[in-house]
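Down below is the structure, laid out as structure tokens.
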Amino acid sequence: MSDRIVPIGDAMWNIRGSFRLFGLLDIGTQCSLVRLESGRFVMLDSYTLEGDVLDRVLALTDGGAALDAIVNLHPFHTVHVDAVARRFPEATLYGTRRHVEKSPDLPWATTRSDDPEMNGLFDEELRFMVPAGVQLIPADESVHAGSVLALHRPSRALHVDDTLTYIRLPLIGGLRFHPRLGPALEERPGAAADFRAWAGELAGICAEVDHLCTAHLRRLPKLSGEALAEAVRGALADAEPTLKAHAARWS
């Protein structure tokens, strides 16, 4: 899978990259570059840029001088963090607790990417959302359902890693919450209800979203507006047995 850059409107670029599962199956990965109204840039997630994609990013960001921040959103997407931080050393580096633990020698900002304080850092052009009722960094490192979602308001684009997945298969395909949502839910009463309420709020937000950027796809899903909102509601309906089982266990 060759890397490519996908323009999203005129103020966001989604980069489709390569990630090989067990070194064999390329399931892809992503990062996004957004231009703020100030003319400065923020990178969402880390991916090692090369070739034409790197040239394009450097051209947009004045050789990297205009890149203000790198915001790492998924605590288990850490492979490229060090390389990107080295490539853009002047950018403020944000990450979750796990990012910091994995790369303790990097100059991390004290604000974590899942902190509420992230909202408002970029003149409200970027909204960051953490799923309610979900362990962002569970002890079981095979559970990747939790991540920080980023909404770029000017582009009406939602950047999301594993929390929402899109599968291009007939019958069983479409938009889904991560298949390991169950073990990711917090071990307490009310966690399922909190996630359900959050997902309903997300569906409402998605009614105003024109572009959905999910991680593990070659092409972006063609979902927007009310169709995207309905797809999120459908994903929530599919997750309902998992949520009910969790609620019964913790009642």
Exercise. Take every Cα pair under 8 Å in the chain that's 6+ residues apart, average their separations, divide by the length, and report that relative contact order as a whole percent.
Key: 15
Quiz prompt | Percent of beta bridges antiparallel (DSSP, segment 143-217, rounded to nearest 5) | solution = 65
Quiz item: How about segment 57-135: which GluC sites (Glu not before Pro) there lie in a loop by DSSP and see at most 16 other Cβ atoms within 10 Å?
Solution: 90, 124
Self-check item: Sparse-neighbour loop sites [GluC sites (Glu not before Pro); segment 182-225; at most 16 other C-beta within 10 Å; DSSP]
Solution: 187, 208
Quiz item: Quick one: of the DSSP bridges fully inside segment 4-249, what percent are antiparallel, nearest 5?
Solution: 70
Self-check item: Estimated vicinal HN-Hα couplings, Hz - segment 4-15 in sequence order (Karplus 6.51, -1.76, 1.60; Gly, Pro = x)
Solution: 8, 10, 10, x, 10, x, 10, 9, 8, 9, 9, 9
Practice problem: Net charge near residue 96: determine it from the other residues with C-beta under 14 Å of the C-beta of residue 96, scoring Lys and Arg +1 and Asp and Glu -1. | Solution: -4
Quiz prompt | Neighbour cut-off at most 11 other Cβ (10 Å), DSSP loop, trypsin sites (Lys or Arg not before Pro), segment 99-198 | solution = 168
Exercise. Return the FRET efficiency for the residue pair residue 66, residue 227: r is the Cβ-Cβ distance, R0 is 35 Å, and the value is rounded to the nearest 0.05.
Key: 0.50
Quiz item: For segment 144-152, what does the Karplus curve 6.51 cos²θ - 1.76 cosθ + 1.60, with θ = phi - 60°, yield as ³J(HN,Hα) per residue in whole Hz, taken in order and with x for Gly and Pro?
Solution: 10, 6, x, 7, 8, 8, 10, 9, 9
Quiz item: Stretched out fully, how many nm does the piece from residue 137 to residue 4 gain, at 0.36 nm a residue minus the Cα gap?
Solution: 44.9 nm
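Laboratory data are not the source of any read-out in this text; all were calculated from the coordinates shown. It should be emphasised that the depicted structure is a prediction, and the values quoted were computed from it without experimental measurement. Cβ coordinates were reconstructed from backbone atoms using ideal geometry, including for glycine residues, and neighbour counts include every protein chain displayed.
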